[in-house]
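Q: Quick one: the structure is below, questions incoming.
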Amino acid sequence: MVTKKLGKLIGIEITGLDTRIDLSENLKNEISDLLSEFSVVVIRNQNITNDQHIKFSEYFGNLELTKAGTDGSGSKLIILRNFDEEGNIVAPTDRQRLNNLANQEWHSDSSFKIIPSKLSILSAKKIPSKGGNTEFLSMRAVYNALPENLKLEIEDKVCWHDYSHGRSKIDANLVTREEKEALPPVKQKLVLNNKKYGKSLYLGAHCSSIDGMPKDESQNLLKKINLYTNNESFIYSHYWKPYDLIMWDNRAVLHRATPIQGKIEQRLMVRTTIAGETSTLNY
Ligand code: OGA
Ligand code: MN
């Protein structure tokens, strides 16, 4: 297994690893350590089946089941694609395209769940020739960039995360009544502390407000914090090669897709989502 750093602050590439093998405890720990330190781990050349993807993912924890209303619902996989069974690109108003659009906002997977995801594993099956990158933003770097008084101000804050908050900005009908009822807003800590690598901010598109603050004050504070996310050097932008497999730490980075450039070509990605062990409120 050979590693190479990718972004300035986050991202590391592994070559010479076959994720289809039975993973030894040592190798599993090595990968987990790389994830803790670099937040994003890219493993090249993994032409794996969905079952192999699931098996590899389960070395790192229990997998979330895909919720109703998402492609792959009821299984351990989420299918992200912009084309139908016949291979035709679906209309921009199709749920699948709208969900892809929602993925273009910075977010952390499942932050709208009481126990949110700790990591996600995404496999690229079909990629367009231009655009359709996945970008990662170091929320440790963002935290570190905050002025001391702002760090103090937000130290103990708790945010509300709501699935329908971000989604309804994309399209009022994107979140069904069933989804709304199944996914009521939840509270998450704003500042997470990794004992080894320090503090990070837990935010993203699902975050609707800060608990216990008047709405305008809460929006202003979130806006103020978000100004510090605007820094290229905190981002690793991944240009996909076929069969890249990426693992990321949902509690240390936010991620987003970038638009496909030019003619819309097929894009097919398959994801597993590893559940966290505890709510962020216990961090
Ligand atoms: C995801 C996601 C972004 C992309 O799978 O969780 O947000 O680039 N994907 O497809
Ligand atoms: Mn995502």
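Q: For residue 104 and residue 51, calculate 0.36 nm times their separation in residues minus their Cα-Cα distance, and state this gained length in nm to one decimal.
A: 16.3 nm is the gain from fully extending residue 104 to residue 51.
Q: Also: So what is the accessible area of segment 101-165 per residue, in Å², with the probe set to 1.4 Å?
A: 37 Å²
Q: Something else about it: Points 7 angstrom from Cα along the Cβ direction at residue 197 and residue 126: gap in nanometres?
A: Between residue 197 and residue 126, the simple spin-label model gives 3.4 nm.
Q: Name the helices (complete DSSP H segments) of the chain with a Cα length along the long axis of 15 Å or more and a Kyte-Doolittle mean of at least -1.0, or state none.
A: 25-38
Q: Among all the aspartates and glutamates, which ones have a C-alpha under 18 Å from residue 241's C-alpha, if same-chain residues fewer than 8 places away are not counted?
A: Within the straight-line limit of under 18 Å, residue 241 reaches these aspartates and glutamates: 13, 18, 135, 265.
Q: Assuming a ≥ b ≥ c are the square roots of the Cα gyration tensor eigenvalues, decide whether segment 45-98 counts as rounded (a/c under 1.5), prolate (otherwise, with a/b larger than b/c) or oblate.
A: Because a/c hits 1.5 or more and a/b fails to exceed b/c, segment 45-98 counts as oblate.
Q: So how do 60-73, 78-91 stack up, highest first, on mean other-Cβ count within 10 Å?
A: Order by mean packing, descending: 60-73, 78-91.
Q: In addition: Residues of segment 16-97: accessible area per residue at 1.4 Å, in Å²?
A: On a per-residue basis, segment 16-97 sits at 51 Å².
Q: Sort segment 231-275 into rounded, prolate or oblate with this rule: let a ≥ b ≥ c be the square roots of the eigenvalues of the Cα gyration tensor; rounded if a/c is under 1.5, and if a/c is not under 1.5, prolate when a/b is larger than b/c, oblate otherwise.
A: oblate
Q: Sticking with this one: With the cut-off at 23 Å, report for segment 140-283 the share of all Cα pairs above it, as a whole percent.
A: 46 percent
Q: Divide by every residue of the chain the summed helix terms, -39500 (n - 2.57) for each DSSP H run of at least 4, and state the resulting mean residue ellipticity at 222 nm, rounded to the nearest 500 deg cm²/dmol.
A: Here the helix-only value at 222 nm equals -7000 deg cm²/dmol.
Q: Normalise the Cα radius of gyration of the chain by 2.2 N^0.38 Å (N = residues in it) and let me know the number.
A: Relative to the 2.2 N^0.38 Å estimate, the chain comes out at 0.97.
Q: Less than 20 Å apart at the alpha-carbon level, and either on another chain or at least 8 residues along: which aspartates and glutamates does that give for residue 157?
A: 148, 211, 216, 217
Q: Leaving ligands, DNA and RNA out of it, report the carbon-plus-sulfur percent of the accessible area of the chain at a 1.4 Å probe.
A: Within the chain, the accessible surface is 49 percent carbon and sulfur.
Q: Moving on to the next point. Once the Cβ-Cβ distance between residue 30 and residue 220 is put in as r, and R0 is 51 Å, what FRET efficiency do you end up with, to the nearest 0.05?
A: 0.70
Q: Can you give me the Kirkwood hydrodynamic radius for segment 34-139, using every pair of distinct Cα atoms, in Å to one decimal?
A: The answer is 15.7 Å.
Q: Moving on to the next point. Ranked highest first by average number of other Cβ atoms within 10 Å, how do 208-216, 113-121 line up?
A: 113-121, 208-216
The values are calculated or read from the model by the stated rules, or taken from the named source; none is laboratory data. Keep in mind it's a predicted model, so treat the numbers as computed, not measured. Note that we place each Cβ from the backbone using ideal geometry, even for glycine, and neighbour counts take in every protein chain shown. For accessibility, only protein heavy atoms count, side chains too; no ligands or nucleic acids. Shrake-Rupley method; radii C 1.70, N 1.55, O 1.52, S 1.80 Å.
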